[in-house]
Amino acid sequence: MRRALLSLAVALAAPGCGEQPAAPVPGTEFGAELAASPSLSTSGFNEVACTDCHAVREDDPRILPGATLLGAAARPSWWGGTVLDLREAVDVCLVYFMKSQPLDPRSDEGRALYDYLVSLADRGPAEAQPLTVVPKVAAAPPRGDAARGAEVHARACAACHGTAGTGAGSRLAEAPMLPGQARAEAIEAFPDVDPAVVFTEKIRHGLFFGIGGNMPLYPVEALSDEDIGALLAFYEM
């Protein structure tokens, strides 16, 4: 398996017929830096990195929307089985969530990132990771334990939205303060809908909910209905 993955990395970097040989593949250190930097995107408006949504170590305490990058290069498919090519899986994140152009696999950045992913291939699950998307939110989950909600906020929300109630520590200009600003925006956009339902829809569908922002979607495997219900209790929403 390891030899096959190394062959994949070589194939991704290999020039086509008649092309000049590519420069040596950059080290995994460069790829690791790219994965942790918004500069991987070609957009000057991007504020997020691969590691904002994907873990690269086993003891990462965050609740993240994306599957771990450990083992990712060894998987047969990505995005819940809908994507069968590693380069396409990377481009989904780049284009939809990082406002970028697709990554050129022959560029220094492309070769470095794939080299880094291959270096992680034998350190995590090689099977395709489940991704269950809730098609429609009919109602908000029952309110749960507010103390649990505070923990969920700290592990899943605070990195982008900052401290609950103040937004302190947020590093994303577009991320609304939770819960006040998010509630106000929900009421403005959908005055006849329970803000808790709008809030849940945004968590479940991210930017695909179509009300603005650049948020990733949280599948059931990342946040359960019980987790969201606890968040609602914590936010008093």
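The values are calculated or read from the model by the stated rules, or taken from the named source; none is laboratory data. Being a predicted model, the structure only gives us computed values, none of them experimental. All Cβ positions, even for glycine, are placed from backbone atoms using ideal geometry, and neighbour counts span all protein chains on display.
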Problem - Restricting the stretch 148-194 to residues that are of a type in the set (Ser, Thr, Tyr) and surrounded by 13 or more Cβ atoms within 10 Å (Cβ to Cβ), the residue that is modelled with the highest pLDDT - result: Thr163
Exercise for the section: Spot the failing condition for Gly180; the list is (1) without any contact (Cβ under 8 Å) to a residue 24 or more places away in the chain; (2) closer than 21 Å to Ala138 by Cβ, and only one is missed. Expected result: (2)
Practice task
Determine the pairs where a residue that is in contact (Cβ under 8 Å) with a residue 24 or more places away in the chain and closer than 16 Å to Thr132 by Cα, located within the stretch 67-92, has a partner that is of a type outside the set (Phe, Trp, Tyr) and part of a helix (DSSP H, G or I) with Cβ atoms under 6 Å apart, the partner being 6 or more residues away or on another chain.
Solution key: Trp78/Ala89
Handout entry: Some residue of the stretch 112-120 being at pLDDT 95 or above, β-branched (Val, Ile, Thr) and in a loop (DSSP other than H, G, I, E, B)
Key = no
Handout entry: Top-ranked residue in the stretch 93-111 [being in contact (Cβ under 8 Å) with a residue 12 or more places away in the chain and assigned to a helix (DSSP H, G or I); ranked as nearest to Pro125 (Cα to Cα)]
Key = Cys93
Problem - Among the candidates Glu47, Glu58, residue that is among the acidic types (Asp, Glu), part of a loop (DSSP other than H, G, I, E, B) and within 15 Å of the chain's Cα centre (by Cα) - result: Glu47
Practice task
Among the residues of the stretch 80-106, write down those that are of a type outside the set (Lys, Arg) and more than 17 Å from Pro38 (Cα to Cα).
Solution key: Gly80, Gly81, Thr82, Val83, Leu84, Asp85, Leu86, Glu88, Ala89, Pro105
Fill in the blank from the handout: Within the stretch 168-187, of all residues that are in contact with a Cys (Cβ under 7 Å, 6 or more places away or on another chain) and of a type in the set (A, V, I, L, M), the one nearest to Ser37 (Cα to Cα) is Leu172
